[in-house]
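Asker: First the structure, which I've put down as structure tokens, then a few questions once you've had a look.
The values are calculated or read from the model by the stated rules, or taken from the named source; none is laboratory data. Keep in mind that what you see is a predicted model, and the values were worked out from it rather than measured. Reconstructed Cβ throughout: ideal geometry from the backbone, glycine too, with neighbour counts over all protein chains shown.
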Amino acid sequence: MDNMQQQFIEAGTLMLAGMVFVFAFLGVLIIFINTVLARLAIKFPDPIVVPHSRPNKKSKSTTSGDISPAVVAAISGAVKRYRSQHGQDK
Amino acid sequence: MDSLTKLWLSTGLANFELGQVVMMLVGCGLLYLAIARNFEPLLLLPMGFGAILTNIPVAGFSEAGGLLHYIYYAGIDTGIFPLIIFMGVGAMTDFGALIANPKTLLLGAAAQFGIFATLFGAIALNYVPGIEFTLKDASAIAIIGGADGPTAIFLASKLAPELLGAIAVAAYSYMALVPIIQPPIMRALTTEEERKIEMKQLRPVTKIEKIIFPLGVLMMTIFFLPSATPLVGMFCLGNLMRESGVVDRLSTTAQNELINITTIFLGLGVGSKLSAEAFLNVETLGILALGAVAFSIGTASGVLMAKTMNKLSKDPINPLIGAAGVSAVPMAARVANKVGLEANPHNFLLMHAMGPNVAGVLGSAVAAGILLALVGG
């Protein structure tokens, strides 16, 4: 019985010490992230290279402003003719 | 006639003992769970098969000279297999969500209460006749609450190798049961309003932060808890390989081929510990029961911690993400996301829950280090 009591006391101590240590360890890690890592992030931001060239390329091919009016006129004319020939309302 | 008798005596039928048959059925049960129910199949399949192999009479798989004997001593007794797996897990882990919201580390810490509270339960079970757990046994059983397979196997192999089979089976079974065990506890401890809480979008995390993070964690472990450096060190190595971006080949190997090969042998090695004399006793039932308790307490304390933080913090925190503090990556985070979506269909908690989820992995490794330092010596 005494042995059991002893074991319970040991388990209790272990629980207390363990939880305090886990919180302390991860708490210090929070401070580390908030100080060291946050400062590093401001000092060395990720270079923005890739997204710069892509949207430009994309907008060139999709924005109607960049397509010459003659091409637009030719396409719309062709579409109109096709629709009238096939009798489609769509 | 003599040779006929000899032949009969060399058959399995003549040599079967009841315990072996029962353990083969247990092995078949694990195979069923893996194949038909998809419960952690990567580990339960080789483990179940290992259980069948080790109980074959005459073949001597787990005796000196047998295949499983060497697999166990080379990889599990030495702690090598769980550590290699931990390196692979590190290579698969993205700490971005945690670095973006470091407060969630507290949730990972709170969920470890499941481990330490279970210590009491294990000691209390000594009142049951037929059960005799020492503090070392109790610690190895309690780590099931960390919901981290490799950590549980590593600690059990160091503190209570004779209980390893039952502990591994309990740990992986409960990890597979996360979607069933956690939601009722999460719902019981939170209100509908709390489950609807939407969280602020996470800030983007830079590459340099992700590279320095594992080094910082390792440094802290070296300073404060060297007994956890085998686990944390291998984890950080895997993570650094991933984030540095210069060793993609190594990172890919660690998170694919290497972890897969090791998983096969780890499963077989653990299966070799599922012998009748080690498994068929009251202690196994106690371990299975304690595992469920550890898991439930871990989930509950994570949720309660998140509730408290929500009350004190200026940014809203959905208490559901606290449940993800019990590692089990990424299943626990998915469960938090699912329960959150039930309350608010526009609320995606997955990324927010990944923070406490990976914090739980670190937390359980730290808890294992503490148990090793205080009980293992």
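Asker: Considering every residue within segment B:56-75, establish whether at least one is within 14 Å of chain A (Cβ to nearest Cβ), farther than 21 Å from residue B:244 by Cβ and not in a helix (DSSP H, G or I). Break it down into steps so the answer makes sense when it comes.
Answerer: Let us first name the residues in segment B:56-75 that are within 14 Å of chain A (Cβ to nearest Cβ), namely none.
For segment B:56-75, residues within 14 Å of chain A (Cβ to nearest Cβ), farther than 21 Å from residue B:244 by Cβ and not in a helix (DSSP H, G or I): absent.
Asker: If I filter segment B:140-155 for residues that are within 18 Å of the chain's Cα centre (by Cα) and of a type in the set (S, T, N, Q), do I get at least one hit? Full working, then the answer.
Answerer: Start the filter on segment B:140-155 by keeping residues that are within 18 Å of the chain's Cα centre (by Cα), which leaves B:140-155.
If we keep only those that are of a type in the set (S, T, N, Q) too, we end up with B:151.
There is at least one residue in segment B:140-155 that is within 18 Å of the chain's Cα centre (by Cα) and of a type in the set (S, T, N, Q).
Asker: Please pick out the residue among B:290, B:231, B:215 that is within 19 Å of residue A:33 (Cα to Cα) and part of a helix (DSSP H, G or I).
Answerer: Answer to the check: B:215.
Asker: Mind checking which residues of segment B:318-331 are within 14 Å of chain A (Cβ to nearest Cβ) and not in a helix (DSSP H, G or I)?
Answerer: B:326, B:327
Asker: Restricting to segment B:347-377, name every residue that is of a type in the set (Gly, Ala, Ser) and either surrounded by fewer than 24 Cβ atoms within 10 Å (Cβ to Cβ) or not in a helix (DSSP H, G or I) (or both).
Answerer: B:373, B:376, B:377
Asker: I need the helices (runs of 4 or more DSSP H) fully contained in segment A:33-90, keeping only those with at least 2 residues that are farther than 30 Å from residue B:219 by Cβ and either under 31 Å from the mean Cα position of the chain (by Cα) or at pLDDT below 70 (or both).
Answerer: Filter on segment A:33-90 gives A:50-62.
Asker: Which of the residues belonging to segment B:332-377 are small (Gly, Ala, Ser) and either under 18 Å from residue B:79 (Cβ atoms) or within 14 Å of another protein chain (Cβ to nearest Cβ) (or both)? So that I can check it myself, show each step before the final result.
Answerer: So the first thing to find is which residues in segment B:332-377 are small (Gly, Ala, Ser), and the list is B:332-333, B:336, B:340, B:343, B:353, B:355, B:359-360, B:363-365, B:367-369, B:373, B:376-377.
Listed by number, the residues that qualify are B:355, B:359, B:360, B:363, B:364, B:365, B:367, B:368, B:369, B:373, B:376, B:377.
Asker: A follow-up question, please. What pairs come up if the first residue lies in segment B:245-260 and is part of a loop (DSSP other than H, G, I, E, B), the second is not acidic (Asp, Glu), and their beta carbons are under 7 Å apart, counting only those six or more places apart or on different chains?
Answerer: Hits for this filter: B:247/B:241.
Asker: I've got another one for you. Do the conditions hold for residue B:156, that is, is it under 24 Å from residue A:29 (Cα atoms) and either in a helix (DSSP H, G or I) or within 14 Å of chain A (Cβ to nearest Cβ) (or both)?
Answerer: In short, no.
Asker: Failed condition for residue B:79, given (1) at positive phi; (2) buried (at least 21 other Cβ atoms within 10 Å of the Cβ), with all others met?
Answerer: (2)
Asker: Could you grab me the full set of residues in segment B:70-95 that are within 14 Å of residue B:353 (Cβ to Cβ) and in contact with a Leu (Cβ under 8 Å, 6 or more places away or on another chain)?
Answerer: none
Asker: Given the options B:166, B:140, name the one that is at pLDDT 95 or above and within 24 Å of residue B:80 (Cα to Cα).
Answerer: One residue alone meets the criteria, B:140.
Asker: Something else about it: Does segment B:272-292 contain any residue that is within 14 Å of chain A (Cβ to nearest Cβ) and over 30 Å from residue A:7 (Cα atoms)? Even if it seems obvious, please write down each step before you answer.
Answerer: As a first pass, look at segment B:272-292 and keep what is within 14 Å of chain A (Cβ to nearest Cβ): B:290.
Right, trim to over 30 Å from residue A:7 (Cα atoms) and you get none.
Within segment B:272-292, none of the residues are within 14 Å of chain A (Cβ to nearest Cβ) and over 30 Å from residue A:7 (Cα atoms).
Asker: If you don't mind, there's one more thing I want to ask. Residue B:217 - would you say it is within 14 Å of another protein chain (Cβ to nearest Cβ), surrounded by 18 or more Cβ atoms within 10 Å (Cβ to Cβ) and closer than 30 Å to residue B:75 by Cβ?
Answerer: When the stated conditions are applied, residue B:217 passes them.
Asker: So, one more: Kindly evaluate residue B:140 against the criterion of being more than 11 Å from chain A (Cβ to nearest Cβ), crowded, with 24+ Cβ neighbours inside 10 Å and closer than 14 Å to residue B:293 by Cα.
Answerer: no
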